[in-house]
Structure formats: structure tokens, C-alpha cells
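The values are calculated or read from the model by the stated rules, or taken from the named source; none is laboratory data. Note that this is a predicted model, so its numbers are computed, not measured. With ideal geometry, Cβ positions are generated from the backbone for all residues, glycine too; neighbour counts draw on all protein chains shown. SASA here: full protein model, heavy atoms, side chains in, ligands and nucleic acids out. Shrake-Rupley method; radii C 1.70, N 1.55, O 1.52, S 1.80 Å.
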Amino acid sequence: MAERKTIVIDPVTRIEGHSKITIHLDEQGQVEDARFHVTQFRGFEKFCEGRPFSEMPSLMARICGICPVSHLIASAKACDALLAVKIPPTAEKLRRIFGLAQVVQSHALSLFHLSAPDLLLGMDADPAKSNLFGLLEKDPQLARDGIALRKFGQQIIERLGGKRIHPAWVVPGGVSDPLRPEDRDEILKAIPEALTIAVRSIAWFKGTMEPFREEIACFGNFPSLFMGTIKEDGGLTFYDGKIRLVDATGQVVAEGLDPRRYFDFLGEKVESWSYLKSAFYKPKGFSDGMYRVGPLARLNVSDRCGTPRADQELAEFHELQRTAILSSFHYHQARLIEILYSIERLEQLLNDPEILDKHVRALARPNSLEGVGAAEAPRGTLFHHYKIDEQGLIRWCNLIIATGQNNLAMNRSVLQVARRYVKRDKITPGMLNRVEAVIRAYDPCLSCSTHALGQMALQLQLLSPQGAVLDEVVRS
Amino acid sequence: MDRTLVIAYGNPLRSDDGVAWQAAEELKRILPSPAHVICVHQLTPELAELASGSDLVIFVDAASEGHPGSVLCQRLSPESGKFHFSHHLTPQEVLVMCDRLYCAKPRAFLVSIAGKCFDHGEQFTPAAMIAIPRVLSVVRRAIEGGFPAAFEDGAAC
């Protein structure tokens with residue numbers, strides 16, 4: 001009888017953070033199971049204990065170099081709740097601008113720098129060429145467009161926050177400084193070109209889909225729930241709103257959920273083989289409560305974007321499937337539509353007559369010992385939950401990150417792709433690249449999402465060459 | 001006068017890894033105004049566009065190899081080679097992108113400062129600090145007259 005085998009892809013390339021994939025083959029060489037293991041650990045939930053709550057936004061921004069703004073915003077909103085203040089309207093609009101700028105730069109990084117090589121060069125391309133340099137050889141304009149969109153988003157963040165990475169401009173109660181007229185004008189000047197690029201990129205992407213029919217059919221193409229934040233009118237939002245969940249048919253499962261009460265409807269489970277927790281929708285229980293977040297989920301739960309060009313694209317996107325759009329391959333297109341929306345919305349906000357108002361911060365001492373802040377990060381819904389003592393020191397912190405909420409779906413996607421493409425008799429780089437590519441579609445950020453300490457079991461196994469467990473140490 | 005871009009890169013929270021940032025602060029103070037000095041944690045594709053508008057690009061970095069405090073100068077060119085991109089680029093890769101995407105080939109040097117300690121921290125070792133005046137001298141001479149004649153490619157300064 002043939003032996004069972006395990007194929008290990010370590011590390012998974014072109015994603016944020018460190019992980020590996022194991023594909024387990026049975027005696028017949030068929031894929032029996034596949035897992036996405038997150039192998040890095042951060043621990044922010046634990047080491048911020050004892051710090052003054054006012055430090056939290058700046059500390060939390062350090063979680064990630066790609067989406068620090070989302071952590072700043074969610075953290076500051078949690079601190080607003082601790083202060084029990086309503087922040088000035090202009091501060092809220094400025095935070096929205098900050099967040100949208102980050103959506104543009106983060107989505108551009110994911111699509112143009114990390115996934116476009118697969119889309120442009122093909123899944124079977126030489127791995128040595130399937131990178132940014134292969135992309136610039138094949139389509140320099142596309143590479144320039146990716147750089148230009150990244151730069152557009154980063155420059156807005158730099159103008160508002162003082163620096164591109166880890167800015168500390170968002171503070172409890174609002175933002176630290178108002179928008180200067182010259183910065184507003186410079187950002188507005190850059191919008192027409194950014195819009196042109198976004199429209200061109202969507203056209204390019206739609207033209208590339210045909211050769212990927214097989215991948216679309218098996219890249220995370222299965223029923224699940226989808227979750228996102230929407231405005232009262234059902235419109236797309238990244239800053240504030242209520243939570244809506246839809247099922248695979250597109251029917252609303254729950255809506256009007258208060259993100260500040262996330263613990264009523266979301267649960268988390270720890271697996272022994274990964275540092276990434278798995279979130280699930282509580283009413284359906286673990287596993288059946290699998291849901292997806294991020295661009296695909298947001299567009300599945302949103303009735304409209306609320307900006308003209310993005311609404312046109314959303315209507316076309318919804319035509320892809322009469323039900324909810326299930327294939328995770330479509331995360332890419334959703335990302336581009338969100339870039340377009342963000343640029344249009346930025347223009348609206350920057351032309352708001354109140355946007356240069358100088359009153360941008362509400363000052364207060366803590367008025368509550370517990371606060372939750374939620375926002376839509378580029379990769380999905382983000383929750384920060386803090387408890388403080390009478391001195392304002394953090395006593396407990398919980399972070400629920402988008403990548404953890406996609407964990408169950410990512411694992412299921414890896415298994416689906418592995419079963420379709422990986423066979424014992426012949427393993428090709430293209431097959432393995434597809435297993436990685438489905439993970440890239442979710443744009444996971446592992447640096448953001450691995451913070452539970454004290455809950456993570458450590459399991460050490462000594463295995464014989466045949467895979468038998470010779471010894472095992474488990475620390476729960 | 002040449003348009004000069006100095007890109008200092010490294011992690012200022014990892015002791016000597018951030019010494020290029022310290023050198024950059026000094027360079028901002030002493031270099032003539034056409035010189036543009038920036039500090040970044042790592043090299044990213046966006047820098048290719050910025051570099052394309054320059055006649056001279058000088059990368060300043062900390063190195064984990066070499067005798068602590070030594071300064072190494074190296075002429076760079078956008079040579080073809082085996083390139084990978086994940087989270088950051090090498091100086092040569094930035095130059096390749098600059099050439100292929102923006103049809104620009106600025107003159108370029110890498111000035112490396114050998115560090116001693118790369119642990120968490122915001123302090124520099126004496127060896128790294130002593131190297132800073134030599135970095136300033138090399139960069140100034142590069143701006144004034146091209147690659148410093150006294151230094152061979154890859155030679156310690």
C-alpha cells in the first residue's frame with residue numbers, strides 16, 4: 001500500500017506575513033485535507049495591558065505597515081467610547097478620508113503588486129518570473145498604474161497624518177490637526193488621474209477573466225455567509241454603520257446588528273495548528289457559521305456604493321451571479337470597484353464645505369470603563385474592544401481582525417483548490433501556485449491578525465519518517 | 001546642478017539598523033537645497049518613480065556584515081538579474097524599475113554603514129555613530145563630483 005504524504009508550501013509567497021500550507025494526500029494520492037497555517041505570532045492583545053488608553057491608537061497602528069490607518073481608526077473609535085464623546089463632524093469626515101486613502105493604497109498593493117503577476121502571466125508561469133518584475137516586463141503601464149494608485153493613497157495619508165506608515169494623527173476624540181487648504185487642493189488635483197487609472201484598471205481586469213473560468217469555478221467557490229458594514233440606506237461604508245449578513249443565495253440573514261455588540265453574534269475558536277483564530281457567526285455555530293468579510297463580502301451585502309461610477313460597476317458586478325457572488329476569485333474585481341468608490345467618495349468629502357473646519361477634537365476624561373470601536377479595514381470588518389481601570393490603564397483588550405474572520409473560508413478554499421489541481425502522480429509549480437493564489441485572493445494580513453496570548457495551545461510532536469507520533473508535548 | 005535624491009533606509013527601532021536615518025538628518029542640514037533627502041523603512045516600488053526624476057540617487061543603509069563602523073561605497077546600475085519582490089526591494093531593483101517603467105537611469109551609489117547591534121532599541125553603538133561623519137563626507141563628494149575618486153567600487157571608506 002502506498003504511504004500517505006504531505007505536501008508543504010512554506011512559505012506562502014506574495015502575502016502579508018508568514019504562513020505555510022500543508023496538503024495531506026491519502027494512500028491513493030488523493031487530497032484528503034489541506035490547511036493554511038499561520039506561523040507567526042504578535043501578541044498585541046497582551047502586551048498593551050497596563051498602558052494608558054490614550055496610547056492605544058498609536059500602539060495599535062504598529063500592528064501593520066499596510067493598514068495602520070484601519071487600526072488607528074478602530075482604536076480611536078474604541079477610545080471615543082471610553083471618553084463617551086461625540087466627535088466633531090469635521091473630525092469624522094477627516095477620519096473617513098484617511099480610511100479611504102488607505103483602501104486605495106492597500107488594495108492597489110494587493111492587486112497590482114501581489115496578485116497581478118498571476119493574472120497577467122498566468123497561473124502556470126515560471127515562478128521565477130511571476131512577480132512584480134515579470135509584470136513590468138509584460139505590461140509596464142499596468143505596473144505604473146499600480147504604483148500611481150499606491151502613491152495617490154499614500155500621499156493623502158502623509159499629508160493628513162504627517163507620514164505614510166504609522167501616522168498618529170487619529171486620536172481619541174477626533175484628529176490632532178485640521179486639514180490645511182493647500183493639502184485639500186493638492187489632493188483634489190490628483191483625483192482626475194487616479195479616477196482614470198481606476199476606470200482603466202477595471203476594464204483591464206474584466207478583460208482578463210475569460211482564461212480563468214476554471215479558477216473562478218474552484219477558488220473558494222462554495223456557499224458561505226458574507227458580512228459587512230452598511231449605511232442605513234444599504235450603501236457601502238468603511239467608517240460607520242450597522243452589520244449585515246447575507247447567505248449564499250443573497251438573502252439577508254441578519255441586519256441592523258450593532259458592531260459594538262459584536263460578541264453577541266460572533267464567536268472565535270482556536271485551532272492547535274495555527275496562530276490565527278477562526279471567527280464564526282454564533283447563531284449557526286462553529287463551522288456552519290463560516291462567513292467571509294472584505295471587498296467581496298462588502299459588495300455582496302451592499303445595495304449600492306453611493307457614487308456614480310462605482311454604482312455602475314457594482315450593478316455589473318452583481319450580474320455575475322444571481323445569488324451572492326460566491327467565488328473568492330472575484331475578490332480582485334471587488335477590490336478594484338472599492339478603489340473606484342474610494343476615489344469618488346474622497347472627492348465628495350474634500351469638497352464638503354465643512355472639511356476645513358478647525359474644530360476637530362473633543363476633549364474629555366474617561367467616562368466609561370469599556371469601549372468598542374469598529375471599522376471596515378481593506379480586508380474586512382475590524383473590531384477593537386478595550387476595558388480600562390479607574391486610572392485609564394488598559395486591563396483587557398480584544399482584537400477581531402478581518403483575516404481571522406476569513407480563516408475558515410481560506411482553509412476551505414485551499415482544500416477546494418488542492419482537490420481540483422493537486423494529484424500525487426504529478427505536482428507542478430502551477431498547481432501549487434494556484435493553492436497559494438487562492439489565499440492571495442483574500443489578501444490576508446497575518447501581521448494584523450495573530451494576537452491572542454494565553455489562549456494559544458502549544459503542541460509539539462515528534463514524528464517518525466512514516467508519520468507516526470513518537471512523542472508529544474501539549475501546553476494548553 | 002544635478003537633481004539629487006538621498007534615500008536613507010532601515011528600521012530606527014532596531015538600533016544600528018536605523019543609523020542611516022541619523023545620517024539623513026545631518027544630510028538634510030548640510031546639503032544644498034536641490035538635494036532631496038528621505039527616510040524610509042524599506043525600499044518599495046513607489047521610490048522608482050521618485051528616483052526617475054533625479055540625476056543622482058544615493059542609497060544609505062546599515063549593513064550587518066563588515067567591521068562595525070566601516071563605510072562601504074558601491075556604484076550601482078540597473079542590471080538585469082534574478083529579481084524577487086515580496087515586501088521590499090534592493091537598490092538595484094529600484095533602479096531596474098526606474099529604467100523599465102520610467103526610462104530613467106540616474107547615476108546611483110550605495111553607501112553602507114556596518115553596524116554592530118541590531119536589537120530592539122533607538123540608541124546607536126559608538127561604532128555606528130563614528131561612521132556618520134564619513135558618510136556625510138562621501139555623500140557630499142559624490143554630489144560635488146561624481147563617485148569619490150579615492151574610493152574604488154566596493155572599497156571601504
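Stick to the Cα atoms of chain A, pair each with every other, and give me the Kirkwood hydrodynamic radius in Å at one decimal.
22.8
For the range B:34-68, state which residues have at least 30 Å² less accessible area in the presence of all protein chains than in their chain by itself, taking the probe as 1.4 Å and leaving out ligands, DNA and RNA.
Hits at the 30 Å² cut-off: B:HIS41, B:PRO45, B:GLU46, B:GLU49.
For chain A, calculate the relative contact order in percent as a whole number, restricting contacts to Cα pairs under 8 Å that are 6 or more residues apart.
The value is 25 percent.
Quick one: with all protein chains in place, what share of the accessible area of chain B is carbon or sulfur, to the nearest percent (1.4 Å probe)?
51
Using a 1.4 Å probe on the protein chains only, how many percent of the accessible area of chain A belongs to carbon and sulfur?
49
Could you calculate the FRET efficiency of A:ASP240 with A:GLN28 from 1/(1 + (r/R0)^6), where r is the beta carbon distance between them and R0 is 35 Å, rounded to 0.05?
Step by step, r from the Cβ atoms, then E = 0.10.
Just which residues of the range A:141-179 lose 20 Å² or more accessible area with every protein chain there, against their chain alone, with the probe set to 1.4 Å?
Those residues are A:ARG144, A:ILE147, A:ARG150, A:LYS151, A:ILE165.
Using Cα-Cα distances under 8 Å and only pairs 6 or more residues apart, what relative contact order does the range B:1-83 have, in percent?
41
Return the Rg/Rh value of the range A:212-257, two decimal places, where both radii are evaluated on C-alpha atoms and Rh is the Kirkwood radius.
My calculation of the ratio gives 1.11.
Taking all pairs of different Cα atoms in the range A:203-332, averaging 1/r and flipping that mean, what Kirkwood radius in angstroms comes out?
One over the average 1/r among Cα pairs gives 15.7 Å for the range A:203-332.
For A:LYS93, give me every one of the lysines with a C-alpha distance below 21 angstrom, ignoring sequence neighbours fewer than eight places off in its own chain.
A:LYS77, A:LYS163, A:LYS189, A:LYS231, A:LYS242, A:LYS358
Efficiency by 1/(1 + (r/R0)^6): what FRET value for A:ARG261 and B:SER137, r their Cβ-Cβ distance, R0 = 60 Å, to the nearest 0.05?
Efficiency computed from Cβ-Cβ geometry: 0.45.
Please list the radius of gyration and Dmax for the range A:351-404, considering alpha-carbon atoms only, with Å as the unit.
15.5, 42
Based on the Kirkwood radius over alpha-carbon pairs, what is the Stokes-Einstein translational diffusion coefficient of the range A:259-361 at 10 °C with 1.306 mPa s viscosity, in µm²/s?
Reported coefficient: 96 µm²/s.
Hey, got the dipole for the protein assembly as shown? About the Cα centre, +1 on K and R Cβ, -1 on D and E Cβ, debye to the nearest 20?
Dipole size: approximately 340 debye.
Tell me the relative contact order for chain B as a rounded percent, counting alpha carbon contacts under 8 Å between residues six or more apart.
Computed value for chain B: 32 percent relative contact order.
Test of understanding: what is the full-extension gain from A:ARG4 to A:MET209, defined as 0.36 nm times their sequence separation minus their Cα-Cα distance?
70.2 nm
List the longest stretch of chain A that has no exposed loop site; here a site is one of the GluC sites (Glu not before Pro) assigned by DSSP to anything other than H, G, I, E or B, with at most 15 other Cβ within 10 Å.
The longest such stretch corresponds to A:50-231.
Could you size up the charge dipole of the range A:223-335 around its Cα centre, putting +1 on the beta carbon of Lys and Arg and -1 on that of Asp and Glu, and report it in debye to the nearest 20?
Dipole size: approximately 260 debye.
I'd like to check one number: the per residue accessible area of the range A:212-252, probe 1.4 Å, reported in Å² as a whole number.
For the range A:212-252, the per-residue accessible area is 37 Å².
Accessible area per residue for the range A:274-334 in Å², computed with a 1.4 Å probe and the full protein assembly in place, what is it?
37
To the nearest 100 Å², how much accessible surface do chains A and B cover up together, summed over both, with a 1.4 Å probe?
What A and B bury together is about 1700 Å².
Please name which of B:SER54, B:PRO12, B:THR44 has its Cα lying farthest along the dipole of the range B:6-132 towards the positive end, using unit charges on Cβ (Lys, Arg +1; Asp, Glu -1) and the Cα centre as origin.
The residue sitting most towards the positive pole is B:SER54.
Filter the DSSP H helices in chain B by two things, a Kyte-Doolittle mean of at least 0.0 and an axial alpha-carbon span of 24 angstrom or more, and list the hits by number.
B:126-145
Would you work out which of A:MET56, A:LEU83, A:GLN105 lies farthest towards the positive end of the dipole of the range A:50-125, given +1 charges on the beta-carbon of Lys and Arg and -1 on that of Asp and Glu, about the Cα centre?
Selected residue: A:LEU83.
Give the accessible surface of the range A:26-178 per residue, rounded to a whole number of Å², with probe radius 1.4 Å and ligands, DNA and RNA excluded.
I get 30 Å² per residue for the range A:26-178.
Per residue, what volume in Å³ does the convex hull of the Cα atoms of the range A:1-142 enclose?
Hull volume over Cα atoms, normalised by residue count, gives 162 Å³.
Calculated from DSSP H runs of 4 or more alone, at -39500 (n - 2.57) each and per residue, what is the 222 nm mean residue ellipticity of chain B, nearest 500?
Mean residue ellipticity at 222 nm (helix-derived): -10000 deg cm²/dmol.
Taking the Cα centre of the range A:295-445 as the origin and placing charges on Cβ (Lys, Arg +1; Asp, Glu -1), which of A:LEU415, A:ILE439, A:LEU399 is farthest toward the positive end of the dipole?
A:LEU415
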